[in-house]
1. Which pairs do you get when a residue that is over 30 Å from residue 159 (Cα atoms) and free of Cβ contacts under 8 Å to residues at least 40 places away in the same chain, found in the range 93-116, comes within reach of a residue that is assigned to a loop (DSSP other than H, G, I, E, B) and not acidic (Asp, Glu), reach meaning Cβ atoms under 6 angstrom, with the pair 6+ apart or on two chains?
2. Within the range 43-68, count every residue that is touching a strand residue (DSSP E or B) at 6+ places or on another chain (Cβ under 7 Å) and either of a type in the set (Val, Ile, Thr) or surrounded by fewer than 17 Cβ atoms within 10 Å (Cβ to Cβ) (or both).
3. Quick one: how many residues across the range 69-93 are surrounded by fewer than 16 Cβ atoms within 10 Å (Cβ to Cβ) and in contact with a Phe, Trp or Tyr (Cβ under 6 Å, 6 or more places away or on another chain)?
4. Determine whether residue 184 is surrounded by 13 or more Cβ atoms within 10 Å (Cβ to Cβ), touching a strand residue (DSSP E or B) at 6+ places or on another chain (Cβ under 8 Å) and among the basic types (Lys, Arg).
5. Of everything in the range 144-200, what is over 26 Å from residue 119 (Cβ atoms), in contact (Cβ under 8 Å) with a residue 60 or more places away in the chain and of a type in the set (S, T, N, Q)? Give them in sequence order.
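Taken together, the values in this text are just the output of simple stated rules run on the coordinates, not laboratory data. Predicted model, so just to flag it, every value in this text is computed and none were measured. Neighbour counts are summed over all protein chains in view; Cβ atoms, including those assigned to glycine, are modelled from backbone coordinates with ideal geometry.
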Amino acid sequence: MIPRKSADYAKKIFELGGVGYSLKAVTIRINKIVSLVGSNYRVLDIGCYDGTIGSLMIKNNNEVYGIEISEENARCATERGLKVKIQNIESRLSFEDNFFDVVVAGEIIEHIVDTDFFIDEIKRVLNPNGFLILSTPNVASLGRRLFLLLGKNPYFEASFGYPPEARAGHIRFFTKELLLGFLKYKGFQIIKFTSDAVNLSPDGKLASKLLADLIPTLGRSLIVSAKINKKEPKI
């Protein structure tokens, strides 16, 4: 895994609100995820960063656990009330079977090598009536479609260091069809599919939440809520 950014990153993005495209879109995404989680659940936040999102879930009367690889971020998340374990999220999760009502994996799956194992572990720690909330960048967002139409790089990475403006450690890229199909293949039933914002300017400072609600396949992120399908998936 690529080391997490500093513990101030999530706090800065959330607290600055709608300044700039990424801040606006991330704020929308955070609010949608927190809303999808609901209240009165035992929740696991995979890759919990500094606990910014987890603390909002706690305010909704959830018991929130976190997994984080950065000791600095884990310390901040613990101070915000999360019960944090420091571990590599690509290894076996340090929880017993059927332990959680909800698992949140926000902007994580695009970093994972063995996505089969990752989703299988999420299923293992979810109780039979539990559900998964997952978000990941949309490779078919409006902005990326326009970049491809012009023959430009749609923020793909050649390596962990190049190009500098795109480096984020992403090794998986998803469309709505691929993501939902994969979750169904792994035994989940889709409850809701949505997005955060559609960029309407090259720098993303002009973005529309309404358009993302109407046509989520054009949005910057794919946001999915899914529950365990008690029927065997067709493979």
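1. As it stands, the answer is 94/87, since those pairs meet every condition given.
2. Total meeting the criteria: 7.
3. 1
4. In short, yes.
5. 199
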